[in-house]
1. Got a sec to turn the phi values of segment 255-260 into Karplus ³J(HN,Hα) couplings, 6.51 cos²θ - 1.76 cosθ + 1.60 with θ = phi - 60°, whole Hz, x for Gly and Pro?
2. Give me, ordered by chain and number, the residues 5 or more places off Asp354 or on other chains with an amide H under 5 Å from its own placed amide H.
3. Build a GNM of the chain with springs between Cα atoms under 10 Å: which of Asn206, Asn284, Asn54 gets the top mean-square fluctuation?
4. GNM, the chain, Cα, under 10 Å: largest mean-square fluctuation among Gly197, Gly270, Gly95?
5. What shape does segment 109-207 take by its C-alpha gyration tensor, where a ≥ b ≥ c are the square roots of the eigenvalues and a/c under 1.5 counts as rounded, a/b above b/c as prolate, and the rest as oblate?
6. For Met146, Met110, Met261, Met290, give the ranking by accessible area with the largest first, probe 1.4 Å.
7. Considering amide H positions built from the backbone, and no H for Pro or chain starts, which residues 5 or more places from Lys117, or on another chain, come under 5 Å of its amide H?
8. Given contacts defined as C-alpha pairs under 8 Å and at least six residues apart, what's the relative contact order of segment 221-366, whole-number percent?
Amino acid sequence: MSLFNIALNKKVLFLVLIFLSFFTAQTVKGQTSLSDVGFSGVFFFSFENTTFENETQNEFALKRGYITFRRNLTDDIQVRFTQDVSIDRQGDGEGDIELRLKYALVNYSMGDAGIFKNSNIEFGVVNRPWINFEQDVNDFRSQRSMFLDQNGFLSSADYGITFETGFGSNLEGESSSGLKSNPARYGSFSVGIYNGGGYSSLEKNNNKLLESRLSLRPLADLLPGFQASVFGVLGKGNIPESPDFNLLGNALSYEAQKFNMVVQGFLGEGDGSGQFVENLEAYNLEGWSMFFDIRPFKFPLSLNIRHDELYNADLNHFINRQSILGLAYIFENKSKLIVDVSSTDFHENMNEPDFYQIEFITEIRF
């Protein structure tokens with residue numbers, strides 16, 4: 001054995017001993033440290049009947065899964081670690097269940113300053129402003145990812161730093177019923193700087209992405225669930241050539257026990273993943289999406305409808321249109337049983353659906 005290998009083995013052994021010493025010390029202190037760690041998870045399992053280009057396929061599938069650990073280090077500092085469980089769809093590991101890092105962040109609560117309430121800052125692999133807000137209103141991620149996330153414009157999480165604050169004290173009592181987004185009385189604001197490619201992509205250039213969101217609650221006493229939002233992005237697409245990526249969007253949303261909705265539209269140049277380019281010049285793009293979740297009965301049955309359209313203004317044609325109609329039974333802990341029908345048309349043929357799917361989804365939360 002060479003001297004180099006001996007030295008390397010000694011270093012590895014030394015690191016292992018340090019780890020074991022730390023672990024033993026924590027165990028000696030008592031078991032209270034483990035009980036201080038919050039643990040939660042959600043998994044989406046489905047049976048899918050899919051027709052694509054006149055071919056039909058049936059399969060049971062693990063659509064997604066998330067396992068989250070949280071720990072309060074002090075009254076003001078919390079850490080969060082979330083694993084993303086998915087199926088590898090390509091490469092040598094095709095078909096394997098793989099784990100990816102979705103969130104690994106430190107959250108520092110900055111407290112209040114005048115009208116700015118419950119301000120906090122996240123650093124690491126963090127939430128990004130718009131998709132995080134949208135998923136608070138649209139609780140049906142198990143069907144599809146959000147509109148701009150699904151089409152490669154924005155990601156729900158990324159490497160970077162995020163600041164968020166609320167305007168005014170939190171709504172309480174009946175006014176806060178059904179709210180999942182920031183409950184501040186007059187709305188909220190979020191801004192951050194990110195790599196740009198999302199948590200599942202490598203950084204392929206040296207440019208950073210600036211993203212922000214402003215949501216206002218104009219009728220806090222009459223309609224506390226109603227908010228008007230503006231969100232935007234300034235930066236480059238995440239490919240080595242760094243094409244332009246600029247986006248400006250707006251949205252109206254509503255949250256309540258019996259009804260939730262998000263209606264949004266955007267204008268932009270390029271996209272976060274750098275796919276909508278020609279000769280390294282970014283296309284001018286437009287799009288809109290609507291989502292409605294209606295719960296008209298006393299028992300927990302939900303009817304949800306979603307429709308998305310993405311349009312290339314330079315080439316004067318639609319890139320895709322997607323429609324989803326779902327029926328869900330919602331359990332007390334927000335687990336769900338869902339049956340839905342979806343169709344997608346691509347620009348090559350907008351007369352007949354290119355993609356048609358019927359699926360049964362079990363969304364299990366714990």
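The values are calculated or read from the model by the stated rules, or taken from the named source; none is laboratory data. Note that the structure is a prediction, hence the values are computed from the model and not measured. As a convention, Cβ positions derive from the backbone with ideal geometry for all residues, glycine included, and neighbour counts pool all protein chains shown. The area values use the complete protein model at the heavy-atom level, side chains included, leaving out ligands, DNA and RNA. Shrake-Rupley method; radii C 1.70, N 1.55, O 1.52, S 1.80 Å.
1. Once θ is set to phi - 60°, the couplings for segment 255-260 become 10, 7, 5, 9, 7, 9 Hz.
2. The answer is Thr344, Asp345, Phe346.
3. Asn54
4. In this elastic network of the chain, the residue with the biggest mean-square fluctuation among Gly197, Gly270, Gly95 is Gly95.
5. Judged from the Cα gyration tensor, segment 109-207 comes out oblate (a/c at least 1.5, b/c at or above a/b).
6. Working: Met146 0, Met110 95, Met261 35, Met290 55 Å².
Correct descending sequence by accessible area is Met110, Met290, Met261, Met146.
7. Gly166, Phe167, Gly168
8. Values: 357 pairs, mean separation 19.9, N = 146.
About 14 percent, as a whole number.
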